[in-house]
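Comments concern the structure below.
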Amino acid sequence: MIVKLVDANNHGRISELGGRVLSGGQISRDEALWLINLETSADILDLLSWANRIREHFKGNKIHLCSIVNAKAGACSENCSFCAQSSHYQTGAPKYGFVDPEPVAEAAEEANKNGVTAVGLVAAWKGLNEGPMLDEVCARVREMKAGGKTRPDVSLGIIKSQKVADRLKEAGVECYGHNLESSRRFFPQTCTTHTFDDRLETIGHLKKAGIKICSGGIIGMGETREDRCDLAFELKAIGANVVPVNILNPIPGTPFEKNTPLPVMEILKTIACFRFILPRQEIMIAGGRTVNLRDAQSMIFMAGASALMVGNYLTTLNQPVEKDLQMLKDLGLDPNWDSHDFSDQEEAGCGCGKENCETKAVMV
Ligand code: SF4
């Protein structure tokens, strides 16, 4: 039998850090690294329990639900090593051009029926420029906006011009999905056809246009724990509003097809560390949830998640929405938002009282 020693001092230190975040403070990078390197299940469960308190303190029992529509599938010019839709790999994933209004309207209607706050139109291409395609995207967004109360979000890749971001805002886009994927250090191992800075530049244009940011990453690609923490701090620095945490589902034919899956406790611990670093953000568990967490899926909320991607992913299946809604009900969680404008993320600072409080500066 392998005996892992439980250090009684860790309980006190986890509580001290958790209490600090709960009262509006923040943890340093070194403290986050200490948390993410906890090894015993006793310590990890302590960490989850504090992450759960922090979630409950800042989010109550509300859970933000999102679903996505693959609005343009496959044949993407980029070489993201995790992606079934890259033209660089043979994966057998579907390929089609930009969708007609009907499938989008159907997805929006389905989302409305299930109380899903937002539906994201996701396109597999490098990015969006001015021209007829932008007109078509804006038309779909306007139709969705007119058709119901579900918020039309989009994820359309790299934006190089402020005008494109402004046009999207004008059409009614409130939130744009653009993951940083991993730490700046690890990013080149996930993609070489565009850079981390291309992604930051896009986010800059979106923020300037007044669009909220949905940005997170993928864990389980071969990155270190340090990379995961650094991603969370990058997301804090850019002021992401929604932080999707995807867990790699290795796709045959991609460079990551043989990656070893992360252990469940490692995934939960990472979510909890994200909650400590990003106490007010919507931390959304997205792709790879069902396949990687299996029976432990409901523990994501105890680990600090406050949002869930429901319905099928871009190229892989999820469990039925009804099952997710039942899971939330069983846990006493409420997915219904009349509107979600992220005003609960407005930060009053860390309590230091300084007008130029750095905590406030990075959160809003
Ligand atoms: S992640 Fe996006 S940009 Fe990268 S290959 Fe897939 S569809 Fe293209």
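The values are calculated or read from the model by the stated rules, or taken from the named source; none is laboratory data. The structure presented is a predicted model; accordingly, all values stated were derived computationally and were not measured. Methodologically, a virtual Cβ is constructed for each residue, glycine included, from the backbone with ideal geometry; neighbour enumeration extends over all protein chains shown. Just so you know, the surface numbers come from the protein's heavy atoms only, side chains and all, with ligands and any DNA or RNA stripped out. Shrake-Rupley method; radii C 1.70, N 1.55, O 1.52, S 1.80 Å.
Solvent-accessible surface (1.4 Å probe) assigned to residue 130 amounts to roughly 100 Å². Relative intensity of the stretch 133-192 on a log10 scale, I(q)/I(0) at q = 0.21, 0.22, 0.25 Å⁻¹, equals -0.82, -0.86, -1.00, per a Debye sum over C-alpha point scatterers of equal strength in the absence of solvent.
Between residue 37 and residue 133, full extension at 0.36 nm per residue minus the direct alpha carbon distance yields a gain of 30.0 nm.
Spread over its residues, the convex hull of the C-alpha atoms of the stretch 99-156 is 71 Å³ per residue.
The calculated FRET efficiency for the pair residue 201 and residue 95, based on their C-beta separation and a Förster distance of 25 Å, comes to about 0.35.
FRET efficiency for residue 343 and residue 170, Cβ-Cβ distance as r, R0 = 25 Å, nearest 0.05? It comes to 0.70. Full extension of the segment from residue 329 to residue 110, taken as 0.36 nm per residue of separation minus the current Cα-Cα distance, would add 76.9 nm. Per residue, the stretch 209-306 exposes 27 Å² of accessible surface when a 1.4 Å probe is rolled over the protein heavy atoms with every protein chain present. Write down the Kirkwood hydrodynamic radius of the stretch 61-210, to one decimal in angstroms, obtained as one divided by the mean of 1/r over all alpha carbon pairs. Evaluated over the stretch 61-210, this radius sits at 16.0 Å.
Based on protein heavy atoms only, the stretch 3-128 ends up with 44 Å² per residue of surface accessible to a 1.4 Å probe.
Applying Stokes-Einstein at 4 °C and 1.567 mPa s to the Kirkwood radius of the chain, computed over alpha-carbon pairs, gives a translational diffusion coefficient of 62 µm² s⁻¹. For the chain, with all protein chains in place and a probe radius of 1.4 Å, 53% of the accessible heavy-atom surface sits on carbon or sulfur. What does a probe at residue 15 reach in the stretch 48-78, counting residues whose amide N is under 17 Å from the point 7 Å along Cα→Cβ? Label zone hits: 48-54.
Annotation: amide H-H contacts under 5 Å for residue 158 (H modelled 1.01 Å from N, sequence separation of 5 or more, or interchain): 127, 128. For the stretch 1-108, the calculated P(r), taken from all Cα-Cα distances in 5 Å bins from zero up to the bin holding the longest distance, is 2, 9, 13, 12, 9, 8, 8, 13, 14, 9, 3, 1 percent. Measuring only protein heavy atoms, the 1.4 Å probe finds residue 34 accessible over about 60 Å². The residue 7 and residue 184 beta-carbon pair, evaluated with R₀ = 30 Å, returns a calculated FRET efficiency of approximately 0.40.
Taking a cut-off of 13 Å between Cα atoms, list the aspartates and glutamates near residue 323, but don't count ones fewer than 8 places away on the same chain. Residue 323 reaches 295. With 29 Å as the limit, the listed pairs 59/212; 59/160; 113/207 have 59/160; 113/207 beyond it between alpha carbons. Protection proxy ranking of 14-23, 87-96, 55-64, 285-294, by the mean of other Cβ atoms within 10 Å over each peptide's residues and highest first, is 285-294, 55-64, 14-23, 87-96.
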